[in-house]
Each structure stands twice: as structure tokens, then as C-alpha cells.
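What follows is one structure encoded as C-alpha cells, with my remarks underneath.
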Amino acid sequence: MTEVVGGPSVPEPSEIRALKQCLLCRNHSREQHGVAASCLEELRSKACDILAIDKSLAPVTLVLAEDGTIVDDDDYFLCLPANTKFVALAGNEKWAYNNSDGGTAWITQESFDRDETDSGAGLKWKNVARQLKEDLSSIILLSEEDLQMLIDVPCSELAQELSQSRVAVQGLQNTLQQVLDQREEARQSKQLLELYLRALEKEGSILLKQQESKAGLGDERDAVDTGIGESSSEIALTSQILNALKEKPAPELSLSSKDLELVAKEDPKALAVALNWDIKKTEAVQQTCNQELSLRLQQVQSLYSLRSISARRSSLPGEVQNPKQARRDPT
């Protein structure tokens, strides 16, 4: 057998370079190709062939599809993980972000498909979850919409996104619900306080008026009891007050303090005729209205007392307090 001289030489082991799996695509294109290359120059050459790039448009620049980083160093190329996605730019082309894959470069195809089909709402709760994962104290900065959104997310999905156990995520969702409930309670308390303050401003004069009319009110009730009120065929209540008394299950809560006073002062017999009720039911409703009016007056008196105490405490140490006190009605 004749020995062949001058045949191809066997490369040294140090010259053999491993092939790296890569993904290639053009700018603004969702079509990608899988190739294997041992260096950047080989990858550029295969990019021109596979992507049908005219070599007259050289040089061809390879950038990362994730963020547009230019890859022009072989050592950096070798450090990249397998299945890194590259965009081939020819001539004066500029890289532009393509959200068809959410900017992912080396994730699995399953995750790729899931991110691509996520709806806007799904992406929103994931962004909020990532924010919470980075800083748990950001709970106080979340809007009520964001809190409700994380509460409504299935526990298993949120656990996967936060890389936590389902037990821990269930506790987190319970905490989010508590924060949401506390905000709702605070808002309702604020609304009630605003309504109460407005009622005090509107009805601030009722206390003095009630004190002045107590004696006359007692006399009028005595006159009604003796039958003097038989001539009162007409009543001073408006149709709105009468409708509230007829239709509301607790009319005393629906009437203003002025209306309550009018109902309490009305002749029971005339009121019974106007409402088409019996006298016992009418007197019971009047008594309930009178009790509600007394309760409101007590609240006003308590508020005035608190204001008076606050004013005395805020006065100067040397200031002489006014010794005069309002005379209380012995009744």
C-alpha cells in the first residue's frame, strides 16, 4: 500500500473549538433559524447564507435580540449561553426592539409561548408581583386596584411568579386583603365624619332653639292630652315627611333634626288621621322620633363640651377663665 504524502493534517486538540447553538433572525422579523457556530466569523457567514443577506451590504453586525448589544468579540461570544438569539444587521440597519418574544433570548420554548400569549392584564399583575418581590414594603404604595388584582390571581400562579410556596403566598394574599379592608374602613370612617361635621354645621342652631321651646312644647303636649287638639284637623308636616313615616322602616334615621322636632310636636290624633294609622302606632313613632332627636342633641352637647375643654386647655396660664356658665334648664 502506498503511503499518501501531503494529505490534510489533523488539527491539534487545542485548535478544536466547540460549536455553540445560536438563533438567527432579521430585524422586525419573527422568523428565526437555529445554527451552530464556533466563532463570530462563522456565525456571520452562516447568517448571510441562511438569511439571504447580500454580501455587498457588508459588514454584517450581530446584536443580541434582547437589548441590542453589539457582539464583536469572540471571547464574549463564547461566554454567552446556548440558544442566544442574535439579530443580523446589514449595512446601515439599526436595531429595534421586537416585542414578539418579550425580549427573551435563551428561555425555553414553553416559556416563550406563554409570554407571547399573555394578555395586558396578565402582564400587569406580573409586573406588580415582581415589584412586590423586590420590595415587600411597597405594599403601602400599591393602589387598591393593584391590591385587588393580586388577591384575585390564582395562588399557584402567584407562587410561581414570586418563587414562593403556596402557603407563603396564601398568607401574603390574606395580608393584601387586610390592607384593602383597612383602606375601605378608613374611607368609610372619613365619609361618616364629613357627614357628621356637615350635619353639625347645618343644625348647630337646633340646641338653642330646642332649649327655648322646651317649656312651650310641654304645655302644648298637655293641651293635646286634654283634648284641645281636636280642632287641629290640619298638620304642619310636609308630604315628604309623611312619606318617610309611611315608607321607611326606620323613619327617624331618614329625617333631619328639624323634621324630627316637627313630628314630635305634632298632635297624635291629627297625625294618625294623616297617616291613616291607629293612635298607638302613631304615638310609638312620635316617641321614637323624640328619642332620636334627644340623642342627636346629646351628641351636639358633647361636641360643644369637647370644644370648650379644648379651648380652656389652649388658653395662656395667666389667662382668667370666664366664670359664667350657661344655666341649665331644670327640666
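The values are calculated or read from the model by the stated rules, or taken from the named source; none is laboratory data. As the structure is a computational prediction, the values presented were derived from the model and not from experiment. When we count neighbours, we look across all protein chains shown, and the Cβ atoms used for this are built from the backbone with ideal geometry, even at glycine. These accessible areas exclude ligands, DNA and RNA; they are computed on the full protein's heavy atoms, side chains included. Shrake-Rupley method; radii C 1.70, N 1.55, O 1.52, S 1.80 Å.
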*Given (1) at pLDDT 80 or above; (2) closer than 23 Å to residue 161 by Cβ, index of the condition residue 45 fails*: (2)
*Can you name the residue in the range 175-197 that is over 30 Å from residue 297 (Cβ atoms) and touching a helix residue (DSSP H, G or I) at 6+ places or on another chain (Cβ under 9 Å) and is also surrounded by the most Cβ atoms within 10 Å (Cβ to Cβ) among such residues?*
176
*Quick check: anything in the range 30-49 within 15 Å of residue 95 (Cβ to Cβ), open to solvent by 20 Å² or more (accessible area, probe 1.4 Å) and over 47 Å from the mean Cα position of the chain (by Cα)?*
no
*Pairs where the first residue, in the range 169-197, is closer than 13 Å to residue 142 by Cα and the second is outside any helix (DSSP H, G or I) and open to solvent by less than 60 Å² (accessible area, probe 1.4 Å), C-beta under 9 Å, 6+ apart*: 176/142; 179/142
*Got a number for residues in the range 283-307 being open to solvent by less than 80 Å² (accessible area, probe 1.4 Å), closer than 19 Å to residue 248 by Cβ and not hydrophobic (A, V, I, L, M, F, W, C)?*
5
*Those residues that are part of a helix (DSSP H, G or I) and charged (D, E, K, R), I need them from the range 133-156; list them, please.*
133, 134, 144, 145, 146, 152
_Please go through the range 122-137 and give me each residue that is open to solvent by 70 Å² or more (accessible area, probe 1.4 Å) and aliphatic (A, V, I, L, M), ordered by number._
123, 136
*Filter result (at pLDDT below 80, of a type in the set (S, T, N, Q) and open to solvent by 70 Å² or more (accessible area, probe 1.4 Å)) within the range 138-160*: none
_Residue selected from the range 84-94 under the condition closer than 23 Å to residue 20 by Cα and in contact with a Leu (Cβ under 6 Å, 6 or more places away or on another chain), by the criterion surrounded by the fewest Cβ atoms within 10 Å (Cβ to Cβ)_ = 90
_Step by step: first the residues of the range 260-282, then only those that are of a type in the set (D, E, K, R), closer than 11 Å to residue 237 by Cα and part of a helix (DSSP H, G or I), then the one that is most open to solvent (accessible area, probe 1.4 Å). Which residue is that?_
265
